[in-house]
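In what follows, a single structure is set out as structure tokens and then discussed.
Values quoted throughout were computed directly from the atomic coordinates according to the rules given, and no laboratory measurement underlies them. Since this is a predicted model, take the numbers as computed values, not measurements. Cβ: placed from backbone, ideal geometry, glycine included. Neighbour counts: every protein chain shown.
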Amino acid sequence: MGLIKKFRIKSYKAEETIVELKNISVFYNKRQIIDNLNLKIRKQEILGMLGPNGVGKSTIFNLITGLKDPDYGDIIIDGINCNKLPINERFAKFKLGLVPQYGGLIHDLSLLDNLKLVSEIHIKEKELREIKINKLISQFEFEPLLKIKAKHLSGGQKKKLVIAMSLVNDPKILLLDEPFAALDILTIRMLQEIILNLQSTEEISVVVCDHQARDLLNCVDRAIVLSNGKIIASGSPNEVISDKAAKNQYFGDEFNIN
Ligand SMILES: Nc1ncnc2c1ncn2[C@@H]1O[C@H](COP(=O)(O)OP(=O)(O)O)[C@@H](O)[C@H]1O
Ligand SMILES: [Mg+2]
């Protein structure tokens, strides 16, 4: 798995479930997108969701955050059925963090002002806000970039900023929607390290999705492969790669991560 593995400090220990999607079905205009899906996300694991464009990865994130209601089934977070819990209450009660595939920052504000804005929403006391912002600046090595407007940052710097902004309220469940898309190899490596470091320094469960398998499998504990609304394979990166159904429907015969 290349260089990245040495940054992997530990794999998750707990087997406790933090999010459960139970018998979930979703339809758009009578077209079934998710078909009786069952998925458990464990505390403190990094779970990867793989599948082609349009398979329903973002929809699964929307189901967890409450942006989309399931047509059938239950969303259970930390043991509580959340089907009727509005988005804002879900974010606050379970400390959710979402890094959307696009956007997530204010282009005309500087990097520092973007961080300040989010911290003012989440943290009441000025002193605590400053402590949090300074911690993120040092963790993400933002010092030289503080005054640059978000629209002038590079793709990787923008992605780093949106991830940092999602950490302001110390999320317990972090959802990353295609964080590696359209980035160069070194930037992808940097983001993979950030994700792995989060797992070792914060008590956090991370779900990361992508349609490109290699970058994702290099930084997850466990992965699922989605096809036609269902999970067709699940397990460690090596297990899903050698899974027959996943090979047939997603990876192809030539795929490896070495
Ligand atoms: N608001 C919507 N209205 C109609 N169809 C939608 C809507 N949102 C998503 N879809 C459809 O649902 C499917 C899954 O979308 P999405 O979850 O965004 O896929 P992915 O993130 O895996 O690329 C796609 O076929 C998409 O066209
Ligand atoms: Mg998507």
If you wrap a convex hull around the C-alpha atoms of the chain and split its volume per residue, what is the figure in Å³?
131
State the extension gain, in nm to one decimal, for the chain segment bounded by N248 and K95, taking 0.36 nm per residue of separation less the distance between their alpha-carbons.
51.3 nm
Subtracting the Cα-Cα distance of D69 and N53 from 0.36 nm times their residue separation yields 3.7 nm
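Using per-residue counts of other Cβ atoms within 10 Å, averaged over each peptide, order 106-116, 30-40, 174-184 from highest down.
Values: 106-116: 17.3, 30-40: 15.7, 174-184: 20.0.
The most tightly packed comes first, giving 174-184, 106-116, 30-40.
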Between L175 and residues 5 or more places away or on another chain, the pairs with built amide H atoms under 5 Å apart involve G97, L98, V99, V207
What residues qualify as long-range amide H neighbours of S110, i.e. H under 5 Å apart, gap of 5 or more or another chain, H built at 1.01 Å from N?
A150
Considering only DSSP beta bridges whose two residues both sit in the chain, what percent are antiparallel, to the nearest 5?
55
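Relative contact order for the chain using alpha-carbon pairs under 8 Å, separation at least 6, rounded to a whole percent? Walk me through the numbers before you get to the answer.
Working: 451 pairs, mean separation 69.2, N = 258.
The value is 27 percent.
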Within the stretch 9-89, list the GluC sites (Glu not before Pro) lying in a DSSP loop whose Cβ has at most 14 other Cβ atoms in a 10 Å radius.
E15, E16
Please report the relative contact order for the stretch 104-169, taking Cα pairs under 8 Å with a sequence separation of at least 6, and give it as a percent rounded to a whole number.
53
Which order, highest average first, do 231-244, 143-156, 203-216 follow once you tally other Cβ atoms within 10 Å for each residue and take the mean per peptide?
203-216, 231-244, 143-156
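Please give the net charge around V240, taking every other residue with its beta carbon less than 10 angstrom from that of V240, where Lys and Arg add +1 and Asp and Glu add -1.
Taking every Cβ under 10 Å from that of V240, the sum is 0.
Mean residue ellipticity at 222 nm from the helices of the chain, using -39,500 (n - 2.57) per DSSP H segment of n ≥ 4 over the full residue count, to the nearest 500 deg cm²/dmol?
Details: 8 runs with 82 residues, N = 258.
Helices in the chain give a 222 nm mean residue ellipticity of -9500 deg cm²/dmol.
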Assign one of three labels to the stretch 142-221, namely rounded, prolate or oblate, based on the Cα gyration tensor with a ≥ b ≥ c the square roots of its eigenvalues; rounded applies when a/c is under 1.5, prolate when it is not and a/b is larger than b/c, and oblate otherwise.
oblate
